[in-house]
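Shown next, in structure tokens, is the structure this report addresses.
What follows draws every value from the coordinates through simple rules; no lab data is involved. Just so you know, these numbers come straight off a predicted model, no measurement behind them. Using ideal geometry, Cβ is built from the backbone for each residue, glycine included, and neighbour counts are taken over all protein chains shown.
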Amino acid sequence: MKESPGVVDLLGVLAYAELSAYARMTEDAATLAPSLADRAALSELAVTEYAHFRLLRDRLAGLGADPDEAMSPFVEALDAWHAQTKPADWLQALVKTYVGDGIALDFYREAARHLNPSIADLVDEVLVDGGRSQFAVERVRAGIEADPTAAGRLALWARRLVGEALSQGQQVASARPELALLLVESAGEGQADISRLFATLTEAHGKRMAAMGI
């Protein structure tokens, strides 16, 4: 069964995003986690990301698409995003996992809203939180309680992450117009519809910031 190029692009970018998240979380767990308990907890979350990658890879193959070819257009942009937002410490890594990845995943979720139910359900499944938010929020709040001065620098870091994520999204949309069309169709045709979309994304970001206390 063949799907539209936009659907293959969406599953391809999500698959590479999940594979990248697995690799990044594994590295952060090994190099930045301050305790064995934190290393184990983040490693478990990484395993979940890899399971999501496998679901997406298998669905792409089931649709008659080559998973490697579907992911390859997004490798450069996503690798650049991770290179430009490499965390310097444990708290920055957690904020990136929660805030930086969160706004990107919000875009993917919106793009899938009006797809056929089997694709939309798959996207919802791989974007499920899986305990990531609670893990990040609890540890960031504890870090700020131990060092209140951390709140300011983490707030600046979060703003940088969002800016880089939006820039990355623009690059991907420019390179893959079929994927951009899914987001436009989800938002609606009018300027008011698009404004509501960005208001929704901004509201979700604000809630994440508040949850962490920054």
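I'd like the distance separating the alpha-carbon centroids of the stretch 143-161 and the stretch 48-122, in whole Å.
25 Å
I want to check the label-to-label distance for D124 and L63. Put each point 7 Å from Cα in the C-beta direction and report it in nm to one decimal.
1.8 nm
Compute the relative contact order of the stretch 5-212 as a whole-number percentage, counting only Cα pairs closer than 8 Å that sit 6 or more residues apart in sequence.
Rounded, it is 28 percent for the stretch 5-212.
For the pair L156/T31, report the inter-label distance in nm, with labels modelled 7 Å from Cα in the Cβ direction.
2.2 nm
Per 10 Å bin, what percent of the C-alpha pairs of the chain does each bin hold, from zero upward?
8, 34, 37, 17, 4, 0
Convert 20 °C to kelvin, take the viscosity as 1.002 mPa s, use the Kirkwood radius over C-alpha pairs of the stretch 128-167 as Rh, and evaluate the Stokes-Einstein diffusion coefficient in µm²/s, rounded to a whole number.
Translational diffusion coefficient: 189 µm²/s.
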